[in-house]
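Trainee: Sharing a structure here in structure tokens format.
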Amino acid sequence: MNRINRCFENLNQKKKKALISYIVLGDPAKNVTLPLMHALAESGSDIIELGIPFSDPTAEGPVIQRAHERALKNGSSLDEALILVKNFRAVNDSTPVLLMGYTNPIERMGYEKFLERAVVSGIDGVLTVDLPPEEAENFNKRLKASNLENIFLIAPTSSQARQEKVTSMAGGFIYYVSLNGVTGAANLDITSVHERVDNIRKLTSLPVCVGFGIKDGKTAKEVARVSDGVVVGSAIVNKIAELEKLKETDPAIYAKAVSVIVADIRSALDE
């Protein structure tokens, strides 16, 4: 069984909600990412979402866009991500790792080469923001054959037909984007999220997790009441940016700061 599926099965048995934490590979420096991944897992993250730096991250807000810029200046790449996850697996073989990014880096590497290396590295799934379901069918089959989950986004503007298409192809969980716009946006409408999540659940037995606009334990708890889990990204990446501005270079300082955020959200989810 894929680690993502096993994770949600265990959470369901414990009647707990998933905490999915996002960071960008190589932000703010290459030697920080691995300690951050371990800190995320140790402080309460159920799944780690590792962002692959890209020059045109159109789905991201300013906070994460700047993280991509910092990572690219460091020379971070998909190739490095695969090596890093393999190193992570040498210590942690249980926490699911999902690669989130854009199609171009995978195409440049080659789909078959990527899949082979992803399996060896211990990757559990991918979320390619700019790969719509209509263009993902072949890749989706290859992922399933490699026991990798293909995570799809559903937005508030997604038509019923699009939601049906996505849920028929998706694996692992459905990522519901709670807001129109980019990551880091505000003004969560819990009632609307509840209605949308309920509709998605009528179409699939997969867990439905909600991202965008979740900033702290309070908002995470509110969203988790009406979903199977939350995705937290901008709040974590913003803390990394704050330390980077202070010229902090010690990976342990970054790991500790991120752990505080994740532990606070984990505690709120478990209340």
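The values are calculated or read from the model by the stated rules, or taken from the named source; none is laboratory data. As the structure is a computational prediction, the values presented were derived from the model and not from experiment. Reconstructed Cβ throughout: ideal geometry from the backbone, glycine too, with neighbour counts over all protein chains shown.
Trainee: What is the one condition in (1) surrounded by 24 or more Cβ atoms within 10 Å (Cβ to Cβ); (2) among the small types (Gly, Ala, Ser); (3) part of a helix (DSSP H, G or I) that SER45 does not satisfy?
Mentor: (3)
Trainee: I would also like to ask the following. Condition test on ARG142, is it farther than 17 Å from ASN5 by Cα, under 20 Å from the mean Cα position of the chain (by Cα), surrounded by 13 or more Cβ atoms within 10 Å (Cβ to Cβ) and basic (Lys, Arg)?
Mentor: For ARG142, the condition - farther than 17 Å from ASN5 by Cα, under 20 Å from the mean Cα position of the chain (by Cα), surrounded by 13 or more Cβ atoms within 10 Å (Cβ to Cβ) and basic (Lys, Arg) - is not met.
Trainee: Something else: Return the residues of the stretch 13-34 that are surrounded by fewer than 23 Cβ atoms within 10 Å (Cβ to Cβ) and either β-branched (Val, Ile, Thr) or in contact with a Phe, Trp or Tyr (Cβ under 7 Å, 6 or more places away or on another chain) (or both); say none if nothing qualifies.
Mentor: Matches in the stretch 13-34: LEU34 only.
Trainee: State which residue is farthest from GLY171 (Cα to Cα) when the search covers only the stretch 78-125 and only residues that are in a helix (DSSP H, G or I) and among the small types (Gly, Ala, Ser).
Mentor: ALA81
Trainee: Confirm whether LEU203 is under 22 Å from PHE8 (Cβ atoms), in contact with a strand residue (DSSP E or B) (Cβ under 6 Å, 6 or more places away or on another chain) and surrounded by 16 or more Cβ atoms within 10 Å (Cβ to Cβ).
Mentor: no
Trainee: Moving on. Without any contact (Cβ under 8 Å) to a residue 60 or more places away in the chain and within 26 Å of ALA241 (Cα to Cα): which single residue out of ALA118, ALA90, ALA81 fits that description?
Mentor: Of ALA118, ALA90, ALA81, the one residue that is without any contact (Cβ under 8 Å) to a residue 60 or more places away in the chain and within 26 Å of ALA241 (Cα to Cα) is ALA81.
Trainee: Among the residues of the stretch 8-42, what is the count of those that are hydroxyl-bearing (Ser, Thr, Tyr) and either assigned to a helix (DSSP H, G or I) or without any contact (Cβ under 8 Å) to a residue 40 or more places away in the chain (or both)?
Mentor: The qualifying residues number 1.
Trainee: From the list ASN2, ASN10, pick out the single residue that is touching a strand residue (DSSP E or B) at 6+ places or on another chain (Cβ under 9 Å) and surrounded by fewer than 23 Cβ atoms within 10 Å (Cβ to Cβ).
Mentor: ASN2
Trainee: Looking at ASN10, ASN87, ASN31, can you tell me which residue is among the polar types (S, T, N, Q), at pLDDT 95 or above and within 29 Å of ALA268 (Cα to Cα)?
Mentor: None of the other options fit; the residue is ASN10.
Trainee: I need every pair where a residue in the stretch 49-70 that is in contact (Cβ under 8 Å) with a residue 24 or more places away in the chain and over 17 Å from PHE114 (Cβ atoms) has its Cβ under 9 Å from the Cβ of a residue that is of a type in the set (Ser, Thr, Tyr) and assigned to a helix (DSSP H, G or I), sequence separation at least 6 or different chains.
Mentor: Correct list of pairs: GLU60/SER234; GLY61/SER234; VAL63/SER234; ILE64/SER234.
Trainee: Another one. In contact with a Cys (Cβ under 7 Å, 6 or more places away or on another chain), at pLDDT 95 or above and on the phi < 0 side of the Ramachandran plot - does that describe any residue in the stretch 138-155?
Mentor: No; the residues of the stretch 138-155 include none that is in contact with a Cys (Cβ under 7 Å, 6 or more places away or on another chain), at pLDDT 95 or above and on the phi < 0 side of the Ramachandran plot.
Trainee: Restricting to the stretch 55-77, and then to whatever is within 15 Å of THR128 (Cα to Cα) and under 15 Å from the mean Cα position of the chain (by Cα), can you tell me which residue is surrounded by the fewest Cβ atoms within 10 Å (Cβ to Cβ)?
Mentor: Checking each candidate, the answer is ALA59.
Trainee: Next question. Output the qualifying pairs, or none if there are none: Cβ atoms under 6 angstrom, residues six or more apart or on different chains, first residue in the stretch 164-188 and farther than 25 Å from ARG142 by Cβ and modelled with pLDDT under 60, second residue outside any loop (DSSP other than H, G, I, E, B) and of a type in the set (Val, Ile, Thr).
Mentor: If the second residue must be outside any loop (DSSP other than H, G, I, E, B) and of a type in the set (Val, Ile, Thr), the pairs left are THR183/ILE64; GLY184/VAL63.
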